[in-house]
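Chemist: Take a look at this one; I'll ask things after.
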Amino acid sequence: MTGLPIVYHPDYVAPLPLKHRFPMPKFGLLRDLLVNDGVVTVDQVYQPGAPPQAWIQQVHTVEYAQAYITGTLDAKAQRRIGLPWSPNLVTRTCTAVGGTILTAKLALSHGIACNTAGGTHHAFPEYGSGFCIFNDLAIAARLLLNQNHAQRILIFDLDVHQGDGTAWIFRDEPRVFTFSMHCDVNFPRQKQSSDLDVPLAEGMSDEDYLSKVQAYLPTLLSQVKPDLVLYDAGADVHECDRLGKLALTNTGLYERDRFVLDTCVAAGYPIACVIGGGYDKQMTNLVYRHSLLHRAAAEVYRQYRL
Ligand SMILES: [Zn+2]
């Protein structure tokens, strides 16, 4: 027994201009918090590599992938992403995709695994959007299918924003079931059709939110019977999130993740988790909020002696 595997690379943190609204330091701070609080030991931390560009191009067009990687994307396409291009950001983007792929593979062998980044679900094949450049969830899912590691995958997306890119990418792929539960009035304005969408009213709090998750997940698992669940555990459903518009507390967030993990593992479905969105100027609070996923995962991992 080696304990819950988590995935992190120092390259997850790329320098951004001072006061940029994307909370880049959170990824390194999250890894540090998990180790310092004893949620994981350093030997439970796996370091991913960047995937071959060909894997990225199983989801993204050659033109877009190549233009982004070489820094030749036009200004309008750059603005839609919302993160200023740099060679470090390219490395970060590719390494985080590699991280989600590694997390998915670790989940298949260990039952649960958690990335300390990931969930870039607004990226489409030909363009990036909303801080998302390459769609890590889609790339990991496609790779597992192509390499015969899985035949059915459930993408269970609880980030407060709709998983529009993922929904569109797999709109004609019966082997991937996309589920998105999100705040209806939030970004993106133009929603796509997931296999199942659950739009929520602004301001929803713990009890109502948890009852929705409890109503959908067990049925979904027994219908889809996935070989792997890819879980986007966006923390931007939190009441203090700057972009979220929902009202979960830390307790609600922990209960949500605990329920999702427990339900999957109890029914024998491996689950790979990414942290998704989370936006707060109070970095300490934000990092703690994201760590609730890994705390819940460590607890479930212990409980089931995986
Ligand atoms: Zn989000």
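Chemist: State all residues of the stretch 167-209 that are out of contact with any strand residue (DSSP E or B) (no Cβ under 7 Å at 6 or more places or on another chain) and within 21 Å of Pro270 (Cα to Cα); if no residue qualifies, say none.
Modeler: Within the stretch 167-209, Glu173, Pro174 qualify.
Chemist: Among the helices (runs of 4 or more DSSP H) contained in the stretch 21-91, which hold 1 or more residues that are open to solvent by less than 30 Å² (accessible area, probe 1.4 Å) and over 29 Å from Ala296 (Cβ atoms)?
Modeler: 53-56, 62-70, 75-81
Chemist: Pick out, from the stretch 118-211, the strands (runs of 3 or more DSSP E) lying fully within it that include 1 or more residues that are open to solvent by 10 Å² or more (accessible area, probe 1.4 Å).
Modeler: Those strands (runs of 3 or more DSSP E) span 176-183, 196-200.
Chemist: I'd like to verify a number: residues in the stretch 265-295 that are under 20 Å from Lys105 (Cα atoms), more than 15 Å from the ligand (Cβ to nearest atom) and in a helix (DSSP H, G or I), how many?
Modeler: The total comes to 3.
Chemist: Continuing with this model, one more query. Might you let me know whether the stretch 243-262 holds any residue that is closer than 30 Å to Gln151 by Cα, free of Cβ contacts under 8 Å to residues at least 40 places away in the same chain and open to solvent by 10 Å² or more (accessible area, probe 1.4 Å)?
Modeler: Within the stretch 243-262, none of the residues are closer than 30 Å to Gln151 by Cα, free of Cβ contacts under 8 Å to residues at least 40 places away in the same chain and open to solvent by 10 Å² or more (accessible area, probe 1.4 Å).
Chemist: Which number in (1) more than 15 Å from the ligand (Cβ to nearest atom); (2) under 25 Å from Val300 (Cβ atoms) marks the one condition that Ser193 misses?
Modeler: Only one criterion is unmet by Ser193, namely (2).
The values are calculated or read from the model by the stated rules, or taken from the named source; none is laboratory data. Nothing here was measured: the structure is a model prediction, and the numbers come from that model. Backbone-built Cβ (ideal geometry, glycine too); neighbour counts: all protein chains shown. What goes into the accessible areas is simple: the full protein's heavy atoms, side chains included, and nothing from ligands, DNA or RNA. Shrake-Rupley method; radii C 1.70, N 1.55, O 1.52, S 1.80 Å.
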